[in-house]
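Visitor: Below you'll find the structure I mean.
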Amino acid sequence: MAGERIAIVDDSEIVLAMASTALESAGYTVRTAARWEELDRVIVEFSPGLIIMDINMPEILGDDALAFFKEARQLDDVPILLFSDIDVQELEQRARAAGADGFVSKSWSMERLLEEVGKHLTRPV
C-alpha cells in the first residue's frame with residue numbers, strides 16, 4: 001500500500017540508492033541504513049511497516065540479526081524480507097530458516113522488488 005514506511009539495511013550505497021528510489025517512486029516512504037546500529041535507530045524513530053534486510057553485512061549476517069530485531073524491538077507484526085544476491089534457492093531456504101516473512105533477490109528487477117513488497121504490505125493482519 002503506497003504511503004507505507006519501509007526501512008532498508010544494506011552495506012552497499014548503490015543498492016540502497018536503487019532500492020529506495022524504486023520504492024519512493026511507488027509512493028513508499030523509505031529510510032535506509034548502512035549498518036546494523038543505524039537500523040536500530042531507524043526502527044525506533046521511524047516505525048517502519050516493513051523491513052528489507054541484507055543478508056551479507058559486516059559484523060553479523062542478516063538472517064542472524066533478524067531474530068534479534070524481531071525480539072528486541074518487538075517486531076512480530078512487521079514483515080521482514082531478507083535481501084541478497086546469493087542463489088535464489090539458498091536465499092529462500094535461509095529466509096525460511098531464519099523466520100523471515102519473505103525474501104528479495106538483488107538479481108530481480110525493481111518491478112519484482114515492488115511486487116514482493118506490495119504482497120507483504122497488503123496482507124491481512
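Laboratory data are not the source of any read-out in this text; all were calculated from the coordinates shown. Since the model is a prediction, treat every value here as computed from it, not as a measurement. No Cβ is skipped: glycine too gets one built from the backbone with ideal geometry, and neighbour counts run over all protein chains shown.
Visitor: Using a cut-off of under 16 Å, list every residue of segment 10-54 whose amide N is near the label point 7 Å from the Cα of residue 111 along the Cα-to-beta-carbon line.
Guide: Residues 22-23, 26 qualify, since their backbone N sits under 16 Å from the label point.
Visitor: Now, a different point. Report the trypsin sites (Lys or Arg not before Pro) located in segment 19-125 that are in a DSSP loop and have at most 15 other Cβ atoms inside 10 Å of their Cβ, or state none.
Guide: Working: sites: 31, 35, 41, 70, 73, 94, 96, 106, 112, 119; in loops: 35, 73, 106.
Taking segment 19-125 and a limit of 15 other Cβ atoms within 10 Å, the loop trypsin sites (Lys or Arg not before Pro) found are 35, 73.
Visitor: Oh, and also: Match the structure shown to one of the listed values [x] 0.95; [y] 0.91; [z] 0.98 of Rg/Rh (Cα atoms, Kirkwood Rh), computed from it, and give that label.
Guide: For Rg/Rh (Cα atoms, Kirkwood Rh), the calculated option is [y].
Visitor: Please work out the FRET efficiency for the pair residue 93 and residue 38, using the Cβ-Cβ distance as r and a Förster radius of 22 Å; give the result to the nearest 0.05. It would help to have the intermediate numbers written out before the result.
Guide: On the way: r = 28 Å, r/R0 = 1.26.
Efficiency at R0 = 22 Å is approximately 0.20.
Visitor: Could you size up the charge dipole of segment 5-121 around its Cα centre, putting +1 on the beta carbon of Lys and Arg and -1 on that of Asp and Glu, and report it in debye to the nearest 20? Don't skip to the end; give the middle numbers.
Guide: Numbers: 11 positive and 23 negative charges, 60 e Å.
The dipole magnitude comes to about 280 debye.
Visitor: Just from its helices, what would the mean residue ellipticity at 222 nm be for the chain, if runs of 4 or more DSSP H residues each count -39500 (n - 2.57) and the sum is divided by every residue, rounded to the nearest 500 deg cm²/dmol? Present the calculation step by step, with values, prior to reporting the outcome.
Guide: Details: 5 runs with 58 residues, N = 125.
Calculated at 222 nm, the ellipticity per residue is -14500 deg cm²/dmol.
Visitor: Separation of segment 71-89 and segment 19-65 by C-alpha centroid, Å?
Guide: Segment 71-89 and segment 19-65 have Cα centres separated by 10 Å.
Visitor: Cut-off 10 angstrom, C-alpha nodes, Gaussian network model of the chain. Which of 87, 63, 101 fluctuates the most?
Guide: Residue with maximal mean-square fluctuation among 87, 63, 101: 87.
Visitor: Would you mind ranking 117, 78 so that the residue whose beta carbon has the fewest other beta carbons within 10 Å leads the list?
Guide: On the way: 117 25, 78 19.
With the sparsest Cβ surroundings first, the list reads 78, 117.
Visitor: Rank 19, 67, 97 by mean-square fluctuation in a GNM of the chain with C-alpha springs under 10 angstrom and give only the top-ranked residue.
Guide: Between 19, 67, 97, it is 97 that shows the largest mean-square fluctuation.
Visitor: Would you mind working out the magnitude of the charge dipole of segment 60-125 relative to its Cα centre, with +1 at each Lys and Arg C-beta and -1 at each Asp and Glu C-beta, to the nearest 20 Debye? List each step's numbers first, then the result.
Guide: Numbers: 8 positive and 13 negative charges, 28 e Å.
Dipole magnitude for segment 60-125 comes out near 140 debye.
Visitor: While we're here: Say the dipole of the chain comes from +1 at the beta carbon of Lys and Arg and -1 at that of Asp and Glu; which of 88, 105, 25 then lies farthest toward its positive end?
Guide: Sorting the options by dipole projection puts first 25.
Visitor: Would you mind ranking 107, 12 by Cβ crowding within 10 Å, fewest neighbours first?
Guide: Sorted ascending by nearby Cβ count, the order is 107, 12.
Visitor: Now for a different question. I need to check one value: relative contact order of the chain, counting alpha carbon pairs closer than 8 Å and at least 6 residues apart, in percent. It would help to have the intermediate numbers written out before the result.
Guide: Working: 205 pairs, mean separation 29.4, N = 125.
Across the chain, relative contact order equals 23 percent.
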